[in-house]
Structure formats: C-alpha cells, structure tokens
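Structure, as structure tokens:
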Amino acid sequence: MNAIIKKRSLGQFFTKNDFWLKDHILEFIKSTNTRIAFDPFAGGGDLLNVAQKIGFKKIKGLDIDKNLNWEQNDSLLSIPKIKNSITITNPPYLTNYSAKRKGIYKNVKQYFDVCSYDDIYQLAIEKCLKNDFGIMIIPETFINSRFPKNRLVSITIIEDQLFNDTENPVCVICFDNKNKTYDQIDVYKNDEQIGKLEYFEKMRRTPHKNIYIKFNAQKGQIALRAVDTTNPQKPISFMKPKEIDYDLADIKHSSRLITVIEVKADDQAIDKIIKYSNQMLFDFRKKTYDVLLSPFKGNKKNGERRRRLDYMTARAFLEDAYELAYPGSRLKLF
C-alpha cells in the first residue's frame, strides 16, 4: 500500500501543533490524577510527546501501522483498558461517503460493518470511552452529531489549524467516568467558555415545513450564499438573485453552497423576507457564537472559522421571516 493510499485508508492526520492544549484542558488533565498517558492511535507520537512535556513519566502508544514503531493494534476494533491512564488521542477521521468517493471503501468496510456511525472517528470515541478519562481531537462536526455526549466534561472548538496536511476543522472533547446531563457540560471556543451544552441544544432551529419553499430553483426570488467566503465582508447571507456573484445556470439539485430559493410571495414581501432572514441569521450566529453552523474548511482572513448554513436551518429562518412579512401565515398551508 503506497503512502497516500495508506494515509487515506487509515484516516491519518498527524497533530504537529499543540494549540489544542488550552488552560482548561490542562487543568482537566491534572484533575484526573492519572500517571499514564495512553494513545491508542499514536501515529507520529506528537500527542504523547506533549504528554511528556507536561509531566507524564509513563506513556503507552498503539497503532495499526506497523511502520510507526508502536505496539501494533487495530484500536477501531478493540482498545485495552489501561488502569490509572488518561487517553490523549487524535483518532482517524473518514466518512462512509468519502471512503466510497475515494475508491477505498473496501479497505475500511469492516469498521462500518460493526457500527451505525457514518464516520469512523465516532467508532473510535465509542472504543475510547471504555477507559475512565480521555481527551480526543476530533472533527468539529461532532457538536452537531447525535453521538451521546453524557460522558463529556467539555467540548472546545479550536479555530487554529492543528494539522500541517489538512484544514479539517476540529474540536477537543474531554471525558471522565461519570454520566452527566447537558447542563453540566461546558462548551468553549478557543480559550473562552461560552456556555453549557444544554443552551446550544435549545438554540437549534428546526422548520415547521408549513410554507412552500423550494431550494435549488433557478428561477426563485431569493438567493442564498450558504457558506462564508474568506472575506469577512462576504458572509453567509440571503439576497436578491441579481446580487449574488455566481452564474445561476450552474445551480443543480445537489447544490449546497449557493442556491436560489422559490417562495410563494409578492415582490414587496420578498424584500421583507430577505431582510428578516438576514436579521435572524445574524442574531443566531451571535447568540450561538457561531458553533451551531457547520464548520467549513479553512478560516476567514481574520482567523475566524468559515461556516456553512444547512438548508434545514435556512428554511426555519425563511419560515419565520415569511410569517413576519405575512402576519398570521401559519394558518395558511401552501
């Protein structure tokens, strides 16, 4: 297996930077009073090197790749329970869809066969939770996943780029051996504590689907740039189709970053719907510190994470804006 194929098949991204070790994460490590730093996906050993720098005298690493000089083990299938240890790891990331698109699904099929997850990093979390304490660097999309989070102590969104070979947006989760409710789990963005997980769960927007709204309709009246550009002055926003810098003829059924939306409304109401939708979007982003919008690869020029607005959340904004433009419209079914 050549290096590129092996890297893709194993989902390997080596953590060369230690921006993830925020003060509150270091405090969590100290609070566990563990003596062994354990990485079941040890890779290049970067995380275990950091563990030694912060005082761990004993480390243990495992890896599936026999060329990396660790004890060989397929930790996506089984992880040993190590007493008096804390897991510090960056597990492999690979979605079912990506594996098929890259033509490597046959190399990883065994992992998707033993779980219902669509990304193998979630299988890695499941295995790592067999130990009492842990820190895992995983895709930031985790915060929006349905994976049970009751063992978590905190989730930390990291905007700095941790990897030299990918721009994958990441977060750091800390877990212990106690079950918790979501009002006990802290959410951080970089160094700042921004609330409890329960707050963010309550802030999620879901549509009622009681109004006719069609996405990817080339002749629609509302355009949506659903992803931040690298220019902070060109964020996600609703607008008139003529205002968007894009050839609308390229809009397809599968388009997810730029779309045109059809709504049954007159021109005056369309102006109001665009205005109210943008106001709601701006307010939502501010109140949620942007962490509920899907992360998009790369940062803006000001260092902030680029985000993408999914169409379900966009629909919720449009529905509420429609009702402001047409008071009492919830009584109307289109």
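Search region 45-63 for residues being in contact with a Lys or Arg (Cβ under 8 Å, 6 or more places away or on another chain) and assigned to a loop (DSSP other than H, G, I, E, B), and hand back the single one that is surrounded by the most Cβ atoms within 10 Å (Cβ to Cβ). For region 45-63, the residue satisfying everything is PHE56. The C-beta contact set for region 296-307 (first residue outside the structural domain of PHE142 (by TED's automatic domain parsing), second residue hydrophobic (A, V, I, L, M, F, W, C) and part of a strand (DSSP E or B), distance under 8 angstrom, 6+ apart or interchain) comprises PHE296/VAL227; ARG305/ILE157; ARG305/PHE296; ARG306/VAL227; ARG306/PHE296; ARG307/VAL227; ARG307/PHE296. Selection over region 71-114 of residues that are polar (S, T, N, Q), out of contact with any helix residue (DSSP H, G or I) (no Cβ under 8 Å at 6 or more places or on another chain) and closer than 30 Å to THR34 by Cα gives a count of 3. Against the test of being crowded, with 19+ Cβ neighbours inside 10 Å, farther than 26 Å from LYS57 by Cα and either modelled with pLDDT of 95 or more or not β-branched (Val, Ile, Thr) (or both), the options LEU123, LEU162 yield a single qualifying residue, LEU123.
Within region 138-145, the presence of at least one residue that is farther than 22 Å from ASP39 by Cα and not β-branched (Val, Ile, Thr) is confirmed.
Does region 252-260 contain any residue that is surrounded by 20 or more Cβ atoms within 10 Å (Cβ to Cβ), touching a Phe, Trp or Tyr at 6+ places or on another chain (Cβ under 6 Å) and β-branched (Val, Ile, Thr)? Checked region 252-260: at least one residue is surrounded by 20 or more Cβ atoms within 10 Å (Cβ to Cβ), touching a Phe, Trp or Tyr at 6+ places or on another chain (Cβ under 6 Å) and β-branched (Val, Ile, Thr). Report whether or not THR34 is at negative phi, of a type in the set (Ser, Thr, Tyr), in the same structural domain as LYS102 (by TED's automatic domain parsing) and modelled with pLDDT of 95 or more. When the stated conditions are applied, THR34 passes them. Test LYS287 against the stated conditions and say whether it is surrounded by fewer than 18 Cβ atoms within 10 Å (Cβ to Cβ), modelled with pLDDT of 95 or more and in the same structural domain as LEU224 (by TED's automatic domain parsing). Yes: the conditions hold for LYS287. Which residues, taken from region 63-96, are closer than 17 Å to ASN131 by Cα and over 26 Å from the mean Cα position of the chain (by Cα)? Result: ASN73, PRO80, LYS81, ILE82, LYS83, ASN84, SER85. Filtered by the rule that a residue be surrounded by 14 or more Cβ atoms within 10 Å (Cβ to Cβ), under 21 Å from VAL170 (Cβ atoms) and of a type outside the set (A, V, I, L, M), region 202-235 gives a lone residue, ASP228.
Go over the candidates ALA217, ALA265, ALA223 one by one and state the one that is in the same structural domain as GLU304 (by TED's automatic domain parsing), free of Cβ contacts under 8 Å to residues at least 40 places away in the same chain and among the hydrophobic types (A, V, I, L, M, F, W, C). Step by step, each of ALA217, ALA265, ALA223 is checked, and only ALA223 is in the same structural domain as GLU304 (by TED's automatic domain parsing), free of Cβ contacts under 8 Å to residues at least 40 places away in the same chain and among the hydrophobic types (A, V, I, L, M, F, W, C). Scanning region 18-39 for residues that are part of a loop (DSSP other than H, G, I, E, B) and touching a helix residue (DSSP H, G or I) at 6+ places or on another chain (Cβ under 7 Å) turns up ASP18, LEU21. When LYS178, LYS149, LYS189, LYS196 are screened for being over 30 Å from ARG256 (Cβ atoms), modelled with pLDDT of 95 or more and surrounded by 14 or more Cβ atoms within 10 Å (Cβ to Cβ), only LYS196 passes.
The values are calculated or read from the model by the stated rules, or taken from the named source; none is laboratory data. Not measured: the values here are computed from a predicted model. Positions of Cβ are generated from backbone atoms using ideal geometry, with glycine treated the same way; all protein chains shown enter the neighbour counts.
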